[in-house]
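Input: a single structure, listed below in structure tokens.
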Amino acid sequence: MHKKTFNELTTKELYDLLALRTEVFVVEQDCPYQEVDGKDVTAHHYWIEEDGVIVAALRVLVEETPIAIGRVVTKASHRGKGYSRRLMEEAVIDFGSAELYLQAQTYVEPFYASFGFSRTSEEYLEDDIPHVDMIRERTISS
């Protein structure tokens, strides 16, 4: 598990994160969109490597209100190994005391619900893929 802010990323790490997201979201899911969206520069980046290759990642947009988790991605060849779950667990540990928001592809809504996220919107299309908005209420430590 790796965690860094944008300014802590090496050029190679940033390149590999963007390459993975482009591989899955733009190429595999056939969604031409602006991957380099300016939000990475204030995000916290989480990723998992296997043999020096980034195989799963997400980003936490800490300057959004509520804090947003996004770009949850796993390389096709590495799915089913629990990597997205490990990344989400870590992000929720780090930021779960705040309200968290995400846009979920509808088919993975149960996955996010397992972290306490609840649907807050009707289903809608984003890049021709069904999505829903989800919120996780902040937790109060005692």
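The values are calculated or read from the model by the stated rules, or taken from the named source; none is laboratory data. In this text, all values refer to a predicted model and were calculated from it rather than measured experimentally. All Cβ positions, even for glycine, are placed from backbone atoms using ideal geometry, and neighbour counts span all protein chains on display. To get the accessible areas, we keep the full protein, side chains included, count just its heavy atoms, and leave off ligands, DNA and RNA. Shrake-Rupley method; radii C 1.70, N 1.55, O 1.52, S 1.80 Å.
Pairing each residue of segment 107-122 that is under 11 Å from MET88 (Cα atoms) with any residue that is among the small types (Gly, Ala, Ser) and open to solvent by less than 40 Å² (accessible area, probe 1.4 Å), provided the two are 6+ apart or on different chains, yields C-beta distances under 6 Å for TYR112/ALA104. Inspect all residues belonging to segment 27-36 and state whether any of them is in a helix (DSSP H, G or I), touching a residue at least 24 places away in the same chain (Cβ under 8 Å), acidic (Asp, Glu) and surrounded by 14 or more Cβ atoms within 10 Å (Cβ to Cβ). Checked against the condition, which is being in a helix (DSSP H, G or I), touching a residue at least 24 places away in the same chain (Cβ under 8 Å), acidic (Asp, Glu) and surrounded by 14 or more Cβ atoms within 10 Å (Cβ to Cβ), segment 27-36 yields no hits at all. Please verify whether segment 8-22 includes one or more residues that are of a type in the set (A, V, I, L, M), part of a loop (DSSP other than H, G, I, E, B) and either surrounded by 15 or more Cβ atoms within 10 Å (Cβ to Cβ) or over 16 Å from the mean Cα position of the chain (by Cα) (or both). Checked against the condition, which is being of a type in the set (A, V, I, L, M), part of a loop (DSSP other than H, G, I, E, B) and either surrounded by 15 or more Cβ atoms within 10 Å (Cβ to Cβ) or over 16 Å from the mean Cα position of the chain (by Cα) (or both), segment 8-22 yields at least one hit. Flag: GLU109 matches the condition of being open to solvent by less than 50 Å² (accessible area, probe 1.4 Å) and farther than 24 Å from THR22 by Cβ.
If I filter segment 76-89 for residues that are of a type in the set (Ser, Thr, Tyr) and either under 16 Å from MET1 (Cα atoms) or surrounded by 15 or more Cβ atoms within 10 Å (Cβ to Cβ) (or both), do I get at least one hit? Scanning segment 76-89 turns up at least one residue that is of a type in the set (Ser, Thr, Tyr) and either under 16 Å from MET1 (Cα atoms) or surrounded by 15 or more Cβ atoms within 10 Å (Cβ to Cβ) (or both). Among the residues of segment 72-86, are any among the charged types (D, E, K, R) and part of a strand (DSSP E or B)? Taking every residue of segment 72-86 in turn, none turns out to be among the charged types (D, E, K, R) and part of a strand (DSSP E or B).
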